[in-house]
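The values are calculated or read from the model by the stated rules, or taken from the named source; none is laboratory data. Since the model is a prediction, treat every value here as computed from it, not as a measurement. When we count neighbours, we look across all protein chains shown, and the Cβ atoms used for this are built from the backbone with ideal geometry, even at glycine. Please note that ligands, DNA and RNA were not included when accessible areas were found on the heavy atoms of the full protein model with its side chains. Shrake-Rupley method; radii C 1.70, N 1.55, O 1.52, S 1.80 Å.
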Amino acid sequence: MKKILLIILAVIFILLAAVIIIPVVFKGKIIEKVKTEANKNVNAKISFNNDITLSLIKNFPNFTVGLKDLCVSGINEFEGDTLLSLKEFSATLDIMSVIKGEKIKIRSILLDHPNIHAIVLKDGKTNWDITKPSTDSTKPTTDTGSTKFNIALKKFEIRNATIIYDDKSSGMYANIQNLTHTLTGDFSTDEFLLKTLTEIDAVTFKMGAVTYLSKVKTSLKMDMDANMKEMKFTFKENEFSLNELVMSFDGNFAMKDSSYLMDIKYAIKKSDFRNFLSLIPAIYSKDFKDLQSSGKLGFDGFAKGTYNSKQLPSFALNLMVENGMFKYPALPTPVNNVQIKLAVTNPDGNIDHTKIDLSKMHFEIAGDPFDAKLVATNPVKDPEVDASLVGKLNLDNITKIVPLENGMVVSGLITSDFQAKARVKDVEDKNFDNVKAAGNIHVQNMNFKSKDLPQGMNLKTMTLSFTPKIVTLSGFDAKISNSDMKMDGQLENFIPYFFGKGTLKGSLDFRSTLLDANQFMSKDTVKTANKQADTSSMDAPEIPANIDFTLKCSIGKILYTNMDISEFKGGVHVGEQKLSFNNVAFNTLGSAMNLDGYYETTNPRKPSVNMNIGIEHLDFQKAFVTFNTVKKIAPIAENMRGTFSLKMKMTTQMDKKMNVNYDQLFAQGNVNIPHAQLKDVKAINSIADAVKYDKLKDPAINNVKIDFKVEKGRVYTQPFDMDLAGQKVSLSGSTGFDQTIDYTGKIAVPRAALGAANSAVNGLMDQLNKQGGTKIKLSDVLNLNLKIAGTFNKPVVSTNMSDVVKNETSSMKDQAQKELEAKAKAEADRLKKEAEDRAKSEVDKAKKQAEDRAKQEADKAKNQAADEAKKKLKGLLGK
């Protein structure tokens, strides 16, 4: 028995040791395995703190798992976006329920400070669709039986959550700040009471350009009877509040397959007009408690039917205000006779059967009445609208009816007399006979200043005149701080654009003497941009898809970050999500520039640029300090003093912060450098060291023309010539954005640069001349081959100087040999000629002697013949 007891104690001890040791010993391996497998199976980057809680001791016999600093960030088109970040996640579950194979009993789940940023792109892609498709080709078996809900959750809690939903495809935007939520219920049973409490500090909701809720304090307290077998939930006691507007719900909803079945009614609990005013940000201020008000409020509605991806329930919303009035005791003027009647109805869930009927909206401020009306039907296929806006708003009275924020200023006069009745299709088809649109809206001397616009805005005048075809903008004259703007022009397709059915077209003439862009940017943004002018802490501006504007611009001066731009003239076109420049010319940084091309945001997360750029006489130092791209493409500019001119065609893609994607940058063009002084250019100075010619260090260059191409992260130059300290250099090669360099070329240097080697060659040459009586001369210039590698800051330069010296020495010996051979040949020729001359002289002498003897013999024979003849003649005569 004692032995059995010892065995049992030993087993218990081993189990306890395992409980303590196993989570510790294998923790690191578990963490790395989880990270690896998680990142393998999602199209995202997942990271978390390695300090993970894996404990059976903390809540024994329950198992607790804890995770800190979880981050799920996007890739590809969502690069740089965080889908989810979480300060802490913890879950406690009953370990015995897992071992027994019963329902898994989860005691609690906590999400602490979760931040969720859900994004839908214009093409419908979502950043939460991160699960990779399964590679398992096995067809899943179909279970036709009922699926048993085998998880029992006791408590679920969220603390201080931030949730942002940004749907660019529909224009819907929601921002929920500081959400706290608790959910409790006994999920181990099929039927139980489900209790939830949700509190939110600020809810903002926008649809298109309209903000429906702005930083509204929201709470929801809801108790429901939950039937988990049928997945049906019935409202019991509940309360939903938006600021001071409190509503209750009745009814039920159920989940079936991928649909929600609902029958819900809602209505306000208090019918005071004051409660509706709490939803208006300008009125719901710190002094709202002192507001005097009267009037009757009605607000109710319902949603009944099926909701899924293809179907909506029928619904209705009714808002009514009768004889409303409000006044702040500290302010002199009330708002009187507020009358509102709004009904939004849909009888069958077909969105095109929705009708918006604002049949009445009236109020009076200091005796000035204002009336508005809007009836809209067929909102999707063919919107039809009947609207009017008639009255006068003296903004000077705003300060008399509501307390403004510190520093806020509002004044001016808006008058409106506008009516429109039309079907969007008639406007699109240009059936203007069926369209009624007339009147105008006029603004005069409107001033506005706030903490978001501390520099203030003054709109001196503006008139919008409406006809069925066009809206004319005339007399627009505004000033924001020191920026002034004037515009005139025309707009087309206004009504379809208002309903999201078409493109707003226009042609505008924009004029300004000074446009200070810095005043619209935060100080931090300007500071960042001053350091690197082609990057910014702001997201890249998105060009709207449904605007087609042609602007003729004439701007005297533009201030942007650390750049002063003057004489900006040319055509600018906004359309097809492109900002296009047509023959735009301007002056900046002491140079003249011109642009043709576009900036486009078809994919706003990866905007692209396609530009033809011309620059005349831009200072190297200004270019290097101002443009980050210059630092990448031409780092040598930092070490140059002078100016250059440039012609370049460039295409590139950027990220959402307007940083250039240098891997995809392509450019082609030429640069002309009339004169520049180089200072501390390590590659050039290394050439001087390599050829042992110090005059090449920190040289000046003149009239250099370079053709270049930029692609795949490198700048390639065609062969070009330049004069360095009077010596001709030819180079070609490439520089990488990683600062690596790879150039080859030729350089002509004085032979005197050879130093000791040159002295040795001169000594040998003198010796040969002395010995052979020769007069050998070598070239004063040596042509060397260059190889420049390494990096821009650590160049490696090599030459063929040793080969050239050897060749020069060999050439000198060859010259001496040739000169000696030439002398020997000349002497031989002289001796030969002398011998030939002597031989010829002897021949001539002998010949002359022979001729003399022959003559003497001839004369003798002649005389003898004459004597014989005489004798014979005498003999004949004697006879």
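Conditions (1) in contact with a Gly (Cβ under 8 Å, 6 or more places away or on another chain); (2) open to solvent by 30 Å² or more (accessible area, probe 1.4 Å); (3) at pLDDT 90 or above; (4) of a type outside the set (Gly, Ala, Ser), marked per residue:
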{"residue": "213", "(1), (2), (3), (4)": "no, yes, no, yes"}
{"residue": "224", "(1), (2), (3), (4)": "no, no, yes, yes"}
{"residue": "233", "(1), (2), (3), (4)": "no, no, yes, yes"}
{"residue": "241", "(1), (2), (3), (4)": "no, no, yes, no"}
{"residue": "244", "(1), (2), (3), (4)": "no, yes, no, yes"}
{"residue": "247", "(1), (2), (3), (4)": "no, no, yes, yes"}
{"residue": "262", "(1), (2), (3), (4)": "yes, yes, yes, yes"}
Practice task
Would you list the strands (runs of 3 or more DSSP E) that sit entirely within region 546-636 and hold 3 or more residues that are over 19 Å from residue 515 (Cα atoms)?
Solution key: 547-560, 578-588, 591-600, 608-619
Practice task
With respect to residue 715, determine if the residue is part of a strand (DSSP E or B), open to solvent by less than 20 Å² (accessible area, probe 1.4 Å), in contact with a helix residue (DSSP H, G or I) (Cβ under 6 Å, 6 or more places away or on another chain) and farther than 17 Å from residue 797 by Cα.
Solution key: yes
Practice task
State all residues of region 452-463 that are in contact with a strand residue (DSSP E or B) (Cβ under 8 Å, 6 or more places away or on another chain) and in contact (Cβ under 8 Å) with a residue 40 or more places away in the chain; if no residue qualifies, say none.
Solution key: 455, 456, 459
Exercise for the section: Being at pLDDT 80 or above and open to solvent by less than 30 Å² (accessible area, probe 1.4 Å) narrows it down to one of 48, 89, so name that one. Expected result: 48
Practice task
Keeping to region 242-274, report how many residues are part of a strand (DSSP E or B), within 45 Å of the chain's Cα centre (by Cα) and without any contact (Cβ under 8 Å) to a residue 24 or more places away in the chain.
Solution key: 1
Handout entry: Which numbered condition residue 461 fails, given (1) surrounded by 14 or more Cβ atoms within 10 Å (Cβ to Cβ); (2) more than 18 Å from residue 485 (Cα to Cα); (3) out of contact with any Leu (no Cβ under 9 Å at 6 or more places or on another chain)
Key = (2)
Exercise for the section: Scan region 481-492 and give yes if some residue there is hydrophobic (A, V, I, L, M, F, W, C) and closer than 19 Å to residue 575 by Cα, otherwise no. Expected result: yes
Exercise for the section: Need at least 2 residues that are touching a residue at least 60 places away in the same chain (Cβ under 8 Å) and surrounded by 15 or more Cβ atoms within 10 Å (Cβ to Cβ) per element, so show me which strands (runs of 3 or more DSSP E) inside region 345-439 make the cut, counting only ones lying wholly within it. Expected result: 409-423
Exercise for the section: Write out, first by first residue and then by second, each pair whose Cβ atoms fall under 7 Å of each other, whose residues are 6+ apart or on separate chains, and whose first residue, in region 709-725, is on the phi > 0 side of the Ramachandran plot while the second is surrounded by 14 or more Cβ atoms within 10 Å (Cβ to Cβ). Expected result: 713/662; 713/736; 713/737; 725/695; 725/696; 725/699
Handout entry: Qualifying residues in region 182-211 (those that are open to solvent by 40 Å² or more (accessible area, probe 1.4 Å) and within 36 Å of the chain's Cα centre (by Cα)) - the one modelled with the lowest pLDDT
Key = 209
Handout entry: Test: residue in region 664-675 that is at pLDDT below 90 and either part of a strand (DSSP E or B) or over 22 Å from residue 562 (Cβ atoms) (or both)
Key = yes
Practice task
Please list, ordered by first then second residue, the pairs with beta carbon atoms under 9 Å, 6 or more apart or interchain, first in region 532-547 and under 14 Å from residue 654 (Cβ atoms) and β-branched (Val, Ile, Thr), second open to solvent by 20 Å² or more (accessible area, probe 1.4 Å) and at pLDDT below 50.
Solution key: 535/528
Practice task
Under 6 Å between Cβ atoms, at least 6 apart or on separate chains: pull out the pairs that start in region 566-590 with a residue that is free of Cβ contacts under 8 Å to residues at least 24 places away in the same chain and end on any residue that is open to solvent by 50 Å² or more (accessible area, probe 1.4 Å) and among the aromatic types (Phe, Trp, Tyr).
Solution key: 580/598
